[in-house]
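Encoded as structure tokens, the structure appears first; notes follow it.
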Amino acid sequence: MFLNINNSDLNKINENKFVKLDHQNNTICDDNNPLTVGETYLNDKCQGGTLLHSDGENCNDGNVQTINDKYLNGICIDNKTNGSSCNDLNDATTGETWLNSVCQGGVLPEGAVCNDGDSTTVEDLIYNGICIGIQSNGNKNSSITSSTGVLTTTDSN
């Protein structure tokens with residue numbers, strides 16, 4: 001046997017309190033959205049609270065290439081706007097900016113001082129567009145000739 005209940009009958013059931021809600025209105029709940037706080041129940045549904053962060057607020061999206069990230073609708077958005085600053089993670093470039101979602105930098109001039117990120121090297125310089133350091137050899141002095149790329153090592157004793 002099936003009961004045929006229409007919306008009018010359902011409204012009468014609710015009015016007569018035959019339907020019991022599991023949660024009382026305005027009691028605190030968690031909508032499992034890490035971007036909101038202050039959620040409460042309304043008609044047995046957990047309603048979202050307010051966003052933790054305002055639009056335009058500074059944030060860090062975890063991408064080392066993006067700079068000046070901002071919140072939008074509670075989510076940290078990377079800033080890849082054409083012309084905005086970025087880091088291409090290349091020590092042989094300078095003045096990096098976004099262009100069509102690609103971080104591009106200008107190449108440093110030949111022989112410019114740079115940092116290859118290797119603590120065992122010295123005299124890091126740009127050679128053929130690449131930051132190259134010379135391996136430190138204790139009592140030996142090393143140098144590289146920019147025009148030829150030849151590594152010269154001499155004893156300092």
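The values are calculated or read from the model by the stated rules, or taken from the named source; none is laboratory data. Every value quoted in this text rests on a predicted model; they were computed, and no experiment measured them. Positions of Cβ are generated from backbone atoms using ideal geometry, with glycine treated the same way; all protein chains shown enter the neighbour counts.
Here are a few things to note about the model shown:
- Selection within the stretch 52-93 - touching a Gly at 6+ places or on another chain (Cβ under 9 Å) and among the aliphatic types (A, V, I, L, M): L52, L72, A92
- Among the strands (runs of 3 or more DSSP E) confined to the stretch 22-122, the ones with at least 1 residues that are polar (S, T, N, Q) and either crowded, with 16+ Cβ neighbours inside 10 Å or without any contact (Cβ under 8 Å) to a residue 40 or more places away in the chain (or both) are located at 40-42, 45-47, 93-99, 102-107.
- Among the numbered conditions (1) within 30 Å of N68 (Cα to Cα); (2) among the β-branched types (V, I, T); (3) touching a strand residue (DSSP E or B) at 6+ places or on another chain (Cβ under 8 Å); (4) outside the structural domain of D69 (by TED's automatic domain parsing), the only one that I134 does not meet is (1).
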